[in-house]
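The values are calculated or read from the model by the stated rules, or taken from the named source; none is laboratory data. As the structure is a prediction and not an experimental result, all values here were calculated from the model. We place every Cβ from the backbone using ideal geometry, glycine too, and count neighbours over all the protein chains shown. Just the protein is used for accessible areas: all its heavy atoms, side chains included, with ligands, DNA and RNA removed. Shrake-Rupley method; radii C 1.70, N 1.55, O 1.52, S 1.80 Å.
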Amino acid sequence: MRHADVAMYVAKRSHGSVVCYDAAQDHYNAERLSLVAELRRAVQRDELVLHYQPQVCQPSGEVRTLEALVRWQHPVRGLLAPDEFVPIAEQTGLIDDLTRWVLDAALRQLHEWRASMPQLMVAVNISARSLQQLTFPGMVLDALSRAGASADWLLLEITETALVTDATRAATVLRTLTADGVRLSVDDFGQGYTSLSQLSELPLSELKIDKSFVLNMAESTSDAAIVRSVIDLGHNLGMDVVAEGVEDPRALDMLLDLGCDITQGFWFSHPLPADQVPGWIVQHSIKTKTVRSTAARLA
């Protein structure tokens with residue numbers, strides 16, 4: 001029965017009609033089950049931490065949004081990336097507690113930052129499971145209330161896969177969130193199954209181009225064409241377009257030429273611990289002003 005359950009989850013994620021059990025997909029072995037218990041305690045004991053990656057508006061260079069990325073400061077295994085524990089949380093029901101913790105921590109931190117940087121917003125990644133729960137908007141509103149935060153401070157990032165798991169229910173949840181004032185972004189766009197009719201009907205504010213296309217766009221004419229098409233599509237639908245995975249100046253220059261609204265990636269900054277964010281924003285602002293001043297003198 002456990003093997004059948006594992007195969008069922010794989011089938012749902014891959015949209016396959018028939019999936020056979022594969023031990024490599026089995027997250028319920030002894031080690032994984034031990035990790036589940038540890039993760040439950042980690043949420044309760046605040047062993048989780050958030051790092052923040054800036055998103056840079058173009059062409060102004062202003063930072064308005066920080067993407068909150070969860071890490072687990074494991075007492076034995078060290079700092080764990082989300083890929084090592086978020087899938088486990090999604091498959092065991094812990095994702096609700098994890099999402100609640102991330103929302104609370106991110107919004108509390110944002111409330112502190114906005115005292116000196118009132119333009120800032122925070123982006124939080126949301127799982128497909130959350131979009132299937134009609135109670136999820138209530139969870140978000142409760143988190144905003146606890147932090148003393150306004151709904152327009154928050155941007156929720158959802159994947160294309162989350163939109164098609166149960167499109168009708170997801171649309172209901174998204175419309176409720178938008179009515180409450182929360183902005184919505186489609187993450188990793190270009191790798192999933194979202195139809196154009198869904199994009200036009202859902203209350204979305206952003207399209208976020210999958211980083212695999214951005215990483216290779218300077219060398220691949222096909223990837224560059226896909227990036228161009230997504231930017232045009234987003235703009236024609238009245239959305240901002242975000243390019244993540246910007247790691248070199250060639251890609252950045254191409255994105256600027258294509259009119260991309262927001263850029264994110266290692267070229268600007270790796271995800272930063274919270275205490276390093278204000279200093280980075282100050283230095284980035286100084287650097288941007290210096291570059292602009294130099295360009296104006298040379299013009």
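Laid out as a table, the results:
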quantity	calculated
Failed criterion for residue 164 (all others in (1) open to solvent by 20 Å² or more (accessible area, probe 1.4 Å); (2) hydrophobic (A, V, I, L, M, F, W, C); (3) modelled with pLDDT of 90 or more hold)	(3)
Residue match in the range 186-195 (condition: open to solvent by 10 Å² or more (accessible area, probe 1.4 Å) and touching a residue at least 60 places away in the same chain (Cβ under 8 Å))	yes
Residue 152, sole failed condition from (1) part of a helix (DSSP H, G or I); (2) open to solvent by 10 Å² or more (accessible area, probe 1.4 Å); (3) touching a helix residue (DSSP H, G or I) at 6+ places or on another chain (Cβ under 7 Å)	(3)
Residue tally, condition exposed (fewer than 15 other Cβ atoms within 10 Å of the Cβ), among the aliphatic types (A, V, I, L, M) and in a helix (DSSP H, G or I), over the range 225-267	2
Neighbours by Cβ (under 6 Å, 6+ apart or cross-chain): first from the range 271-283, more than 18 Å from residue 61 (Cα to Cα) and of a type in the set (Gly, Ala, Ser); second modelled with pLDDT of 95 or more and surrounded by 11 or more Cβ atoms within 10 Å (Cβ to Cβ)	274/109
Failed item in (1) at pLDDT 90 or above; (2) on the phi > 0 side of the Ramachandran plot; (3) of a type outside the set (Asp, Glu), with residue 93 passing the rest	(1)
In the range 105-143, the residues that are in a loop (DSSP other than H, G, I, E, B), within 23 Å of residue 264 (Cα to Cα) and either open to solvent by 20 Å² or more (accessible area, probe 1.4 Å) or not polar (S, T, N, Q) (or both)	114, 116, 117, 118, 119, 120, 126
Subset tally (residues that are crowded, with 22+ Cβ neighbours inside 10 Å and of a type in the set (Gly, Ala, Ser)) for the range 84-104	1
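Each row is one residue, and each column tells you yes or no for (1) of a type outside the set (Asp, Glu); (2) over 16 Å from the mean Cα position of the chain (by Cα); (3) crowded, with 17+ Cβ neighbours inside 10 Å.
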| residue | (1), (2), (3) |
| --- | --- |
| 40 | yes, yes, no |
| 45 | yes, yes, no |
| 50 | yes, no, yes |
| 53 | yes, no, yes |
| 61 | yes, yes, no |
| 64 | yes, no, no |
| 67 | no, no, yes |
